[in-house]
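Below: one structure, written as structure tokens.
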Amino acid sequence: MSESAKEQFRKYLEQAGAIDVLVKVLVSLYEEPEKPKQAVDYIKSVLGAPTPADFEAISAERDGLKKQLEEAQQRIAELESKVQQLEGGH
């Protein structure tokens, strides 16, 4: 990578605020009294990435919602069938 390309990229990161965010995250890690075993996971967490527990909870919620949707769709189909029967019976 050429020096001018590196400089352009550095300016881009600075203008986008990425350097400030990264410095704050690293300072936070530095100031952490008990250093985490997984520094990368700590950084991800500070930046707002979901933890494995968050991911599992979201997946469980999604699965529950899928089941509710299937049940609701089945109930709608049953009710539509009843409506057709009642309309046809008159």
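Overview of values
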| read-out | value |
| --- | --- |
| Efficiency of FRET between Gln74 and Lys44 - r from beta-carbon atoms, R0 35 angstrom, step 0.05 | 0.30 |
| The chain, accessible area per residue, ligands and nucleic acids excluded (1.4 Å, Å²) | 90 Å² |
| Accessible carbon and sulfur surface of the chain relative to its total accessible area, %, 1.4 Å | 58 percent |
| Whichever lysines have a C-alpha closer than 25 Å to that of Lys67, once near sequence neighbours (fewer than 8 apart) are set aside | Lys82 |
| Over the chain: helical MRE at 222 nm, DSSP H runs n ≥ 4 each giving -39500 (n - 2.57), nearest 500 | -28500 deg cm²/dmol |
| Tilt relative to the chain, helix 3-16 - C-alpha long axis, 0 to 90 degrees, to 10 | 50 degrees |
| Answer label, with log10 I(q)/I(0) by the Debye sum over Cα atoms at q = 0.11 Å⁻¹ calculated from the coordinates and candidates (i) -0.33; (ii) -0.43; (iii) -0.63 | (iii) |
| C-alpha center-to-center spacing [segment 14-31, segment 36-90] in angstrom | 36 Å |
| Spatially proximal lysines relative to Lys24 (Cα-Cα < 20 Å; intrachain offsets below 8 disregarded) | Lys11, Lys35, Lys37, Lys44 |
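The values are calculated or read from the model by the stated rules, or taken from the named source; none is laboratory data. Keep in mind the model is a prediction, meaning the values are calculated, not measured. Methodologically, a virtual Cβ is constructed for each residue, glycine included, from the backbone with ideal geometry; neighbour enumeration extends over all protein chains shown. Just so you know, the surface numbers come from the protein's heavy atoms only, side chains and all, with ligands and any DNA or RNA stripped out. Shrake-Rupley method; radii C 1.70, N 1.55, O 1.52, S 1.80 Å.
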